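Quick notes on the structure that follows.
The values are calculated or read from the model by the stated rules, or taken from the named source; none is laboratory data. Quick caveat, the model's predicted, so the values are computed rather than measured. Here Cβ is always computed from backbone atoms with ideal geometry, including for glycine, and neighbour counts include all displayed protein chains. These area figures cover heavy atoms from the full protein model, side chains too; ligands, DNA and RNA do not enter into them. Shrake-Rupley method; radii C 1.70, N 1.55, O 1.52, S 1.80 Å.
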Amino acid sequence: MDGFILSGFPVPSLWRKTFLNEKTPIVAIGEDPACGLPTVNINNGDLSGELTAYLIEKVGRRRFVFLSGGPRSYVGNERKKGFLKALASHRLTPVYSSDCDFSEDKAFEWMEIERARKGKEMPFDAVVCANDSMAIGAMRSFLLSGITIPRDVSVAGADGLREFRYFNPSLTTYSLMPHEQGTESFHLLRQIVEGKARSKHILIRSKIEMKGST
């Protein structure tokens, strides 16, 4: 084996130490560049911040919730940082920030608990999520409670999963660009194996797809 690509989960510290010690040719998709391994990412923090700023400046939202994917996810943490940075620049703080493990069902359950506690008059008017699945979980709860999207609350996701464009309202999101990340990862790995890599960290710029949920 000349080398390999890792994607979809944080690289365990023991693996990372082994790869570095053995100088194994590897590219990690969605991993922190500070970990020491070659990486490929999209501009997660910038996109999350841009989306949050849009909801504040253009839509007029002020009371935000962020549904995160857990502390071990570099991608999720970058999205949360961008969200918090945009709020801070407008002198706002989140009403809630909850870890829902990137899960549609956990996001749905969290919203149902909040709905039971607060009733229809929710203490927030925007939900920004670290992935599309959690956004759909939140939207399911709003649908059951009679809360209208986007009149009563704006909802935004991340990853750009194709099936969610058929929801009504369709979901505002941004693409993870999996094809582009896979292609760039292969080219970077080949350059590393051949000793020709000029940079070991690639950042691909995605863009927001504004839809009916905001």
Let me know the charge dipole size of region 39-102 about its Cα centre in debye, to the nearest 20, where only the beta-carbon of Lys, Arg (+1) and Asp, Glu (-1) is charged. 260
Just to make sure I understand: if all protein chains stay in place, what is the order of Y54, Y166 by accessible area at 1.4 Å, largest first? Y166, Y54
Quick one: which of 20-31, 176-187, 130-141 comes out on top by average Cβ neighbours within 10 Å, and what's the full order, highest first? 130-141, 20-31, 176-187
Can you pull the percent of the chain's accessible area that's carbon plus sulfur, 1.4 Å probe, other chains left in place? 51
Among beta bridges assigned by DSSP with both residues in the chain, the antiparallel ones amount in percent, to the nearest 5, to 10
Accessible area per residue for the chain in Å², computed with a 1.4 Å probe and the full protein assembly in place, what is it? 53
So for region 151-214, Kirkwood radius off the Cα pairs, Stokes-Einstein at 20 °C and 1.002 mPa s: how many µm² s⁻¹? 155
Cβ-based net charge around D2, under 13 Å, with every Lys or Arg adding one and every Asp or Glu removing one: +1
Gyration tensor on Cα atoms of region 55-178, a ≥ b ≥ c root eigenvalues, a/c under 1.5 rounded, else prolate if a/b beats b/c, else oblate, says rounded
Within the chain, which whole H helices from DSSP have a Cα span along their axis of at least 18 Å and a mean Kyte-Doolittle hydropathy of 1.0 or more, if any? none
Candidate values (1) 24, 20, 18; (2) 35, 16, 15; (3) 27, 21, 18, label of the one derived for semi-axes √(5λ) of the Cα gyration tensor in Å: (2)
Give the separation of the Cα centroids, region 27-90 to region 120-162, in Å. 17
Can you give the extra length, in nm with one decimal, that the chain gains between E180 and D2 once fully stretched, where that is 0.36 nm per residue apart less the Cα-Cα distance? 61.9 nm
